[in-house]
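Step one of this worksheet: look at the structure below.
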Amino acid sequence: MHEISGTDRWHRLIPWLFLLPAMLFFTVYVISPILQSIWISFFDWDGFGDKVFIGLGNYVELGEDPLFWTSLKNNILWLVFYMLAVPLGLGVALFLNQQVLGIRAVKSLFFFPFVISQVIVGVVFAWFYDPSYGLLQKALGLFGMGPLPILADETLVTYGIIAAGLWPQIAYTMILYLTGLNNLNPEQIEAARMDGAHGWKMLRHVILPQLRPATFLAIVVTVIGALRSFDLVATMTGGGPYGSSSVLAFFMYEQAIFNYRMGYGAAIATVLFAIMLIYISFFLWRMLRAERG
Amino acid sequence: MKLKHLVTASALSALLLSQAQAGTLVINSNQSDPAPRETWTNIINDFEAANPDIDVQLNEYDHEGYKSAIRNWLVTSPPDVVFWFAGNRMKFFVDRGLFEPVSDVWEDNGMNETFRSTRASMTVEGEQYGVPATYYQWGIYYNADMFDELGLSEPQTWEEFIEVCETLKENGYTPITIGTKFLWTAAGWFDYLNLRTNGLDFHIDLMDGKIPYTDDRVRDTFANWRQLVDGDYFLENHASYSWQEAQAPLLNGDAGMYLMGNFLTPSFPEGSNYGFFQFPQINPEVGMFEDAPTDTIHIPSRAKNKADAKRFLAYVAQPEVQTRLNLGLNQLPPNSEAEAGDNHFLQEGLQMLSEADGTAQFYDRDTDPAMASEGMKGFQEFMVVPDRLDDILNNLERVRQRVFR
């Protein structure tokens with residue numbers, strides 16, 4: 001009896017032993033920085049001088065800071081319009097999902113923007129939009145329209161950057177859908193076809209339900225991509241003109257690194273974290289529910 | 001390339017610091033552009049040749065990355081010599097006890113005399129905290145052929161300047177080119193307009209947060225600026241361009257003038273005809289003050305090898321070293337006994353600065369970093385939507401009250 005209970009205990013211990021390294025690293029590199037960052041957000045701190053506790057002072061200031069509201073608004077614009085990547089990616093995937101000579105080469109060309117660095121995408125699109133030499137202006141010129149300085153116009157700039165971001169993001173969702181399309185059940189499609197389904201009906205009722213995992217994943221990566229948008233803003237406009245294309249991630253970077261305001265930067269990070277948390281909880285809740293059936 | 005530099009540089013400095021060799025002098029530099037880099041490398045080689053007991057370890061960083069990286073070294077394990085900037089940028093570290101006073105270097109080398117023009121910008125509460133290596137003038141560079149063609153001469157007063165702008169515009173040219181994408185170019189205009197409208201003392205008080213941005217005198221500055229904005233004298237869509245991209249209209253012969261630092265001049269093609277004039281006078285009762293940003297070298301308070309670092313600072317302060325250094329950099333030597341390069345931009349700049357009633361560093365070097373970044377955004381916004389001036393100034397005032405409380 002004694003022996004069995006010993007091995008029993010051992011058996012119960014083993015999973016924890018296996019989990020231990022992961023839990024340790026997760027605590028040190030994920031949990032503690034989050035808590036630390038929240039803690040710093042209650043201080044006025046330049047990064048190396050003395051920390052001064054100011055309670056919720058940084059958050060009160062956020063409320064008064066017009067740049068914070070601009071950044072928050074832009075983050076929401078990103079979340080909404082970045083979602084276009086999901087249907088557009090599906091469209092491209094459906095279009096490319098055929099057996100023709102050379103389709104592999106075409107697919108890889110479509111996937112190409114996702115492979116190159118975001119910084120490169122930013123630079124390329126900045127040239128594309130350039131009001132004096134850019135390709136876009138030449139195209140507009142054909143229709144007799146004057147130069148449109150997209151990146152210098154406070155109302156257009158965020159949309160201009162999101163459009164640049166969509167280019168690689170569509171490629172990403174496309175590849176998710178292409179793998180999804182490979183795994184379709186041919187029997188179901190056969191059966192549907194015999195029942196007379198084709199075109200839109202086929203897509204809506206037979207293909208899409210089978211693509212649900214791919215759709216879910218595409219939405220997840222797109223939301224994360226939208227909230228993490230930073231590289232493009234930094235390379236294309238640096239938040240400009242006069243802060244009108246800033247997003248929370250860039251705003252945080254600017255305040256902490258260039259304005260020497262670690263506490264304020266941490267407060268922005270906390271707000272961004274809270275927004276992500278809402279989304280992550282929803283995601284976890286969905287996942288758990290799906291697992292339980 | 002840069003990343004590789006960074007990695008090898010930090011790896012090497014870590015290695016060297018851990019060994020803490022006597023006679024090794026670690027210098028961290030932000031002079032990574034080709035010409036400055038070559039010049040500094042030569043200066044350092046000569047220093048090593050003259051001081052065989054010192055072995056210099058030079059680490060190079062790119063300009064922007066350096067600005068954030070320096071804060072990490074200064075509080076952890078700094079090199080022995082760092083490159084930095086005079087004025088408020090230096091004071092920021094001095095106030096936090098991160099730079100070593102080097103008043104003895106100044107004393108021993110007669111620098112209080114020879115570096116009189118930059119002494120104030122290197123001094124905090126009576127002590128000097130570094131050695132100026134180089135500085136350069138700001139002013140208006142213009143297309144002399146275009147001026148000749150239209151019978152224009154260098155304007156001395158604000159009225160003449162407006163007339164020049166108007167004539168250029170009537171003849172289908174862009175009077176003033178500027179690229180405000182990275183904001184600081186607009187700050188150059190603010191500095192000069194404010195210096196010419198209200199003078200240096202007012203300007204420095206504003207930089208130090210002692211005067212509200214909503215003050216009527218600040219509004220006077222913006223009113224003058226507005227004449228230029230409303231006259232459509234600035235390059236269209238300037239918020240799309242960097243300062244380099246905004247050179248194109250000047251070099252193509254589309255634009256007439258460019259308010260810029262002397263680092264613009266290497267871009268003028270061989271044999272081209274460009275001139276330079278001092279920013280015109282606005283208020284005759286106000287002296288002629290100039291922006292003259294100074295690049296400097298300092299010793300961190302936690303440096304390991306301060307004795308050799310001081311020898312290096314003293315070396316860089318010597319007149320003949322200053323002459324050679326600034327010939328290579330195409331800038332002006334702060335040491336009054338050194339000679340400036342033999343090109344007309346440098347000579348005109350030297351004369352202008354030696355006759356100046358006083359100098360400022362530059363907006364983002366004179367005021368607090370947090371104030372500067374908001375301020376420059378405000379200037380750009382004003383240049384695009386001048387009607388928002390009230391909102392802009394109110395916001396800047398809010399920032400000022402927080403930053404300088």
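The values are calculated or read from the model by the stated rules, or taken from the named source; none is laboratory data. Since we're looking at a predicted model, the values are computed, not measured. A quick note on method: Cβ atoms are made from the backbone with ideal geometry, for glycine too, and the neighbour counts reach across all protein chains shown.
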Residues of the stretch A:141-160 being small (G, A, S), more than 11 Å from chain B (Cβ to nearest Cβ) and not in a helix (DSSP H, G or I), in sequence order, are A:G144
Checked the stretch A:50-76 for anything over 14 Å from A:Y264 (Cβ atoms) and either surrounded by 18 or more Cβ atoms within 10 Å (Cβ to Cβ) or among the small types (G, A, S) (or both); matches are A:T70, A:L72, A:N74, A:N75
Filter the stretch B:383-394 for residues that are within 19 Å of B:H203 (Cα to Cα) and within 11 Å of another protein chain (Cβ to nearest Cβ); the one that is farthest from the chain's Cα centre (by Cα) is B:N394
Of the residues in the stretch A:31-54, those that are in a loop (DSSP other than H, G, I, E, B), aromatic (F, W, Y) and without any contact (Cβ under 8 Å) to a residue 40 or more places away in the chain come to A:F48
Over the stretch B:285-310, the set of residues closer than 15 Å to B:T24 by Cβ and among the hydrophobic types (A, V, I, L, M, F, W, C) is B:I299, B:A303, B:A307, B:A309
Residue pairs within 9 Å by beta carbon, gap of at least six or interchain, first lying in the stretch B:113-124 and under 13 Å from B:A317 (Cβ atoms) and surrounded by fewer than 20 Cβ atoms within 10 Å (Cβ to Cβ), second of a type in the set (A, V, I, L, M, F, W, C) and modelled with pLDDT of 85 or more, listed first then second, are B:R119/B:W106; B:R119/B:M111
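Residue-wise test of (1) among the hydroxyl-bearing types (S, T, Y); (2) surrounded by fewer than 23 Cβ atoms within 10 Å (Cβ to Cβ).
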residue: B:T177; (1), (2): yes, no
residue: B:W184; (1), (2): no, yes
residue: B:L200; (1), (2): no, yes
residue: B:H203; (1), (2): no, no
residue: B:T214; (1), (2): yes, yes
residue: B:V229; (1), (2): no, yes
residue: B:A239; (1), (2): no, no
residue: B:L251; (1), (2): no, yes
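Out of the residues in the stretch B:174-198 that are more than 14 Å from chain A (Cβ to nearest Cβ) and in a strand (DSSP E or B), which is farthest from B:Q247 (Cα to Cα)?
Among residues in the stretch B:174-198 that are more than 14 Å from chain A (Cβ to nearest Cβ) and in a strand (DSSP E or B), the one farthest from B:Q247 (Cα to Cα) is B:P175.
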Being surrounded by 16 or more Cβ atoms within 10 Å (Cβ to Cβ) and either at pLDDT 95 or above or farther than 30 Å from B:F404 by Cβ (or both) narrows A:L35, A:L24, A:L84 down to just A:L84
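Conditions tested, residue by residue: (1) touching a residue at least 60 places away in the same chain (Cβ under 8 Å); (2) touching a strand residue (DSSP E or B) at 6+ places or on another chain (Cβ under 7 Å); (3) among the β-branched types (V, I, T); (4) within 14 Å of chain B (Cβ to nearest Cβ).
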| position | (1), (2), (3), (4) |
| --- | --- |
| A:W200 | no, no, no, no |
| A:T215 | yes, no, yes, no |
| A:A218 | yes, no, no, no |
| A:V221 | no, no, yes, no |
| A:A226 | yes, no, no, no |
| A:S229 | yes, no, no, no |
| A:G239 | no, no, no, yes |
| A:S244 | yes, no, no, yes |
Picked from the stretch B:52-94 (must be surrounded by fewer than 22 Cβ atoms within 10 Å (Cβ to Cβ) and of a type in the set (G, A, S)), the residue nearest to A:A256 (Cα to Cα) is B:S68
